[in-house]
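What follows is a set of notes on a single structure, which appears directly below.
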Amino acid sequence: MTEHRVSARPAAQRRAPQRRGPGAGAQRRYAIVKWALLAALIAYAVLVVGANSARNVDFSVIRSAIAAAPGVSGLNALDENGFQERMDASPTPCEDWLMFGSDDIMDVSEVMVAKGNAAALDDLESALQRRLEAQLAVFRSYGVNQKDLLEGARVLRRGDYLFYAVGESADQWEDAFLACIR
Amino acid sequence: MVFSSLHFLYIYLPVVMLAHLLAPRRLRNGVLLAASLWFYAWGEPVYVGLMLFSVAWNYVTGLQLGAAARPSRRKAILAGAVAVNLAVLGFFKYYGFLVQTLNGALGLRLPDYNLPLPIGISFYTFQALSYIIDVYRGTTKPQPSLVDFATYITMFPQLVAGPIVKYADIEAQLQKRRATLAQVGQGLERVILGLAKKVLLANNLGLLADAMRAAPRLSVLSAWLGAAAYALQIYFDFSGYSDMAIGMGRMLGFGFAENFDYPYRARSVTEFWRRWHISLSGWFRDYVYIPLGGNRVGIGRHILNLLAVWLLTGLWHGASWNFVLWGLYYAVLLIAEKYVTGRALSKLPDGVARALTLVLVTVGWVIFSNTDFSAMGRYLGFLVGIGAGGFADGAFLYALRSNALLIAFAALCCGPGLRQWQLRLTGRLPAVALVLFAALLAACTAYLVHGSYNPFLYFRF
C-alpha cells in the first residue's frame, strides 16, 4: 500500500511561500512605507473633506449675495410653483431654497441654491440633471448659444448646499455662492 | 468619461489603442497605466489620489506578505491591509449613509460631509482585496513591478463598472500578451455589440421605465410594463458595459471572464445569480461565503452565512437601505429555494420556472431602483393592484403600442439565439457581418449625436 505522508503543519503555514525573504530589515522598511502611506491618506481625506464642506450660514446671506450678483437682476425670483414647473420636483423637502430664472423661453439662464439633507439634495440633483438633459434636447438642434451655456452648467454640492447655474455670468454666481459658505 | 460617449469612442479609444499597439512590448503596461489614469482623471481628478493610494498600499502589502514567513505575522499583515481597504471604502462610500442613519435613529447631529462617491471604488477595492488575499493564501505570487500592479488595479476597461478581474486571471497577460489583428477585430465587434445594447436598447427602455415611474398612479399592467422595462434596461445597460469592457480587454490582449450568461433565462433565483454579474458573485463566494463555511455547515449556520453574504452584496451596490432590503430579499429567496421550494421548482416545466423567476427578479428591481421607501411601497402596491388605477388603462395600451417592437427585440436579445446567429454570420460571411457592425456603429453614433438621455446605472457602484 502506498504510504501517504500528512504534514503536521497547519494548512495556512503549508501554503505560505517558504522564501528566504529579505528578512526583518525589509519588513521594517515596508512597515515605514505603509505608515507614511497612511499618514498621506489621512491628510488627503482631510483635504477632500475640507474642500467639500461648507460653513453653515443663514440662508438670507446667500439669497442677498446671489440677488446682488451681476446679471441676476434681469431674472425673476421664482415661487414654489415656478420652481416645480421648471425642475419637475418640489422644493419642499429642502430646508431653504432660491431660484431665479428668465420669462423668455429662449433665455436658458437660471440659478438655484438649495439647502437640505443628503436625500433631499440627491433628489434635487437628479431633477436638475433631468432638467439639463431636457433643455439640451430642446436647444441642441438650433440654439448654438443656449446649447453652449447649458453644456457649461455649474452644479456643485458643498456640505448641505446644492448650487446650480446656467448663464453668461454663471461663474460669477458661483463665486458669490462660494464666498458665502467658505 | 463614459464608454458610450462620442469623445471616448472617437478620440480616447483610438488614440489609446494605437499607442498601446505601437509601444514596445516592455512599455505597454506603462502606456496602459497612463491611459487609465487619464481616463479616470477625466471624470474624477480629485479621486485619482485615492486610487493611487490603493495601488501603493496593496502593492507594498503584497511585497510585505511575500517577505513574511511566520503565519501569525502574515495574518496580522493581511488583517491590517484588509481593514485599511475597507476603512477607505467605508469612509468614502458609506460614511454619509451611516451618519444619516445614526442621526435619524439617535437624534445626533454628526456632520455629513456629502462627499461625492469616487467612481469605481467598489470595483478597484475588491480587485485589490482579491490580490492581497490570494497572496496571503499563497495561490498568487506578489507582483514585484509597481507599474504592472498599478496597471492591474487601474485598467480602464473594467475600472468603473467591472467585471471584477482577479489578479490571478490576468497575471500572465500582464507580463506577456499578444493582441493580434484577429483579436482586435473580435474585441471591436464585442465593443460595438455592447455599445448597441447600451445606446439602442437600454437608453430607450430607460425612457419607458422612467415615464412609468414618474406617473402618480398606474394600472397594474402599466406598473408591470414599467418594471419589466427597468429590468431590461439594467440588463442591457450593465451587460452592454461589460461587453465593451471585455471587448476592449481583448483588443489590448487580455482575456476577461464573462460577466453575464443570459440571466433572464434562469430557471431559479439561484441560477439567476450564477448568470448575473458573475464576477461579483464569484468574489463573494471565494472571499466571504466559502471562508465562512459555505454550505458545509449546519442549516442554521448556512442560513446565517447566506444572510451575511447577501446583506454585504446589497450594501456593495449602494449606501442606502433599499439596497440592504434588496440583498435580504435575495437571501430569503435563496434560502427558500435551498430548503423549501427547490425540489418543487425543479419539477416545473422550463417556461413556468423561468416566468416565475422573472417575476421575482423584476420585483427585486423595483426594490433596487427606489431609494425612497414610500415610492417603493406605492409601486409594489401598483403591481398587485393596491392603489392602482385599474387593471389596464389607456396609458398601458399606448405605452405598449409605442414600444412593442423595442420590447420584443429586447426580449429576443435576452436569449442566446441572436448572438449565435451573429457568430455564424461572422464565420461564414465576414463581409456581410462587417457591413452589419458598421451600420450598428453608425446607428449608435447617430443616437449619441442626437439623444441626450444617456445615463449609466452601474456607474456609481
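The values are calculated or read from the model by the stated rules, or taken from the named source; none is laboratory data. This structure is a prediction, so every number in the text was calculated from the model and none was measured. Here the Cβ positions follow ideal geometry from the backbone for every residue, glycine too, while neighbour counts run over all protein chains shown. Only protein heavy atoms, including side chains, enter the accessible area calculation; ligands, DNA and RNA are left aside. Shrake-Rupley method; radii C 1.70, N 1.55, O 1.52, S 1.80 Å.
Let me know the Rg and Dmax you get for the range B:170-311 when you use only its Cα atoms, in Å.
Over the range B:170-311's Cα set, Rg and Dmax evaluate to 19.2, 58 Å.
Can you tell me the 0 to 90 degree angle between the C-alpha axis of helix A:170-181 and the longest principal axis of chain A, rounded to 10?
Orientation of helix A:170-181: about 70 degrees from the principal axis.
Quick one: putting +1 on the C-beta of Lys and Arg, -1 on the C-beta of Asp and Glu, what dipole do you get for the range B:1-110 around its Cα centre, in Debye to the nearest 20? Walk me through the intermediate numbers first.
Details: 9 positive and 1 negative charges, 110 e Å.
Value, rounded to 20: 520 debye.
What translational diffusion coefficient, in µm²/s and rounded to a whole number, does the Stokes-Einstein relation yield for chain B at 37 °C and a viscosity of 0.692 mPa s, taking the hydrodynamic radius as the Kirkwood radius over Cα pairs?
So the translational diffusion coefficient is about 138 µm²/s.
Tell me the total accessible area that A and B bury against each other, 1.4 angstrom probe, in square angstrom rounded to 100.
Values: alone 11810 and 20720 Å², together 29660 Å².
Chains A and B together bury roughly 2900 Å² of accessible area.
When the scattering of the protein assembly as shown is computed by the Debye formula from its Cα atoms alone, each counted once and equally, what is log10 I(q)/I(0) at q = 0.05 Å⁻¹?
One equal scatterer on each Cα of the protein assembly as shown leads to -0.26.
Could you go through the range A:32-44 in sequence order and give the Karplus-derived ³J(HN,Hα) for each residue, using 6.51 cos²θ - 1.76 cosθ + 1.60 with θ = phi - 60°, rounded to whole Hz, and x for Gly and Pro?
Computed from phi, the couplings for the range A:32-44 are 5, 4, 5, 5, 5, 4, 5, 4, 5, 4, 5, 4, 5 Hz.
Counting Lys and Arg as +1 and Asp and Glu as -1, each charge on the Cβ, what is the dipole of the range A:59-181 about the Cα centre in debye, to the nearest 20? Spell out each step's value before the answer.
Details: 10 positive and 21 negative charges, 39 e Å.
Here the range A:59-181 has a charge dipole of around 180 debye.
Compute, for B:M376, the solvent-accessible surface of its heavy atoms (probe 1.4 Å) with the complete set of protein chains present, and express it in square angstrom to the nearest 10.
Per-residue accessible area (B:M376): approximately 10 Å².
Would you calculate a helix-derived [θ] at 222 nm for chain B, using -39,500 (n - 2.57) for each DSSP H run of n ≥ 4 and dividing by the full residue count, to the nearest 500? Display every interim value, and only then the final one.
On the way: 22 runs with 316 residues, N = 461.
Computed ellipticity for chain B at 222 nm equals -22000 deg cm²/dmol.
Along the positive direction of the dipole of the protein assembly as shown (beta-carbon charges: Lys, Arg +1; Asp, Glu -1; about the Cα centre), which of B:P216, B:S374, B:A229 reaches farthest?
Comparing the listed Cα positions along the dipole, B:A229 ranks first.
Rounded to whole Å and sorted largest first, list the principal axis extents of the Cα atoms in the range A:81-172.
38, 26, 19
What residue among B:I192, B:N259, B:A179 has its Cα farthest toward the positive end of the dipole of chain B, where the charges are +1 on Lys, Arg and -1 on Asp, Glu, each on the Cβ?
After comparing all options, I get B:A179.
Can you put A:S126, A:S141, B:S374, B:S54 in order of accessible area, largest first, using a 1.4 Å probe?
Descending accessible area places them as A:S141, B:S374, A:S126, B:S54.
So what's the projected area for the range B:6-177, the Cα convex hull averaged over all directions, in nm²? List each step's numbers first, then the result.
Values: hull surface 47.6 nm².
One quarter of the hull surface, i.e. the mean projection, equals 11.9 nm².
State the percentage of accessible surface on chain B attributable to carbon and sulfur atoms; use a 1.4 Å probe and exclude ligands, DNA and RNA.
Numbers: 13180 of 19340 Å².
In chain B, the share of accessible area belonging to carbon and sulfur is 68 percent.
Please check the range A:102-143 for residues whose accessible area, probe 1.4 Å, is lower by 20 Å² or more when all protein chains are in place than in their chain alone.
Correct list: A:A118, A:E133, A:R140.
Run the numbers on the range B:50-65: which residues show a drop of 10 Å² or more in accessible area, chain on its own versus all protein chains together, using a 1.4 Å probe over heavy atoms?
B:L50, B:F53, B:A56, B:W57, B:V60, B:L63, B:Q64
Can you give the percent of C-alpha pairs in the range B:409-452 whose distance is more than 11 Å? The partial results should precede the final answer.
Numbers: 661 of 946 pairs.
Taking all Cα-Cα pairs of the range B:409-452, the fraction more than 11 Å apart is 70 percent.
For the range B:1-64, what is the accessible area per residue in Å², given a 1.4 Å probe and the full set of protein chains? List each step's numbers first, then the result.
Numbers: 2560 Å² over 64 residues.
Per residue, the range B:1-64 has an accessible area of 40 Å².
What whole-number distance in Å separates the alpha-carbon centres of the range B:16-34 and the range B:199-235?
42 Å
Given bins 10 angstrom wide, list per bin the percent of all Cα-Cα distances in chain A, short to long.
Over chain A, the share of Cα pairs per 10 Å bin runs 8, 27, 23, 10, 7, 9, 9, 5, 2, 0 percent.
Give me the inter-chain shielding for B:113-123: mean count of other chain Cβ atoms within 10 Å, whole number please. Numbers along the way, then the final one.
Numbers: counts 11, 14, 7, 3, 0, 1, 0, 0, 0, 0, 0.
Neighbouring Cβ atoms belonging to other protein chains average 3 per residue here.
Just the number please: accessible area per residue for the range A:59-181, 1.4 Å probe, all protein chains included, in Å². Before the final figure, lay out each step's value.
Values: 5560 Å² over 123 residues.
That works out to 45 Å² for each residue.
Where Rh denotes the Kirkwood radius from the mean inverse Cα pair distance, what is Rg over Rh for the range B:294-367? Walk me through the numbers before you get to the answer.
Details: Rg = 13.5 Å, Rh = 13.2 Å.
Taking Rg over the Kirkwood Rh, I get 1.02.
Using a 1.4 Å probe, what is the accessible area per residue for the range B:327-461, in Å²? Please report the intermediate quantities before stating the final value.
On the way: 7500 Å² over 135 residues.
It amounts to 56 Å² per residue over the range B:327-461.
What do you reckon, how do B:R178, B:R25, B:R301, B:R137 stack up by accessible area (1.4 Å probe), largest on top? Don't skip to the answer; put the middle values down first.
Working: B:R178 155, B:R25 135, B:R301 110, B:R137 70 Å².
These residues rank, largest area first, as B:R178, B:R25, B:R301, B:R137.
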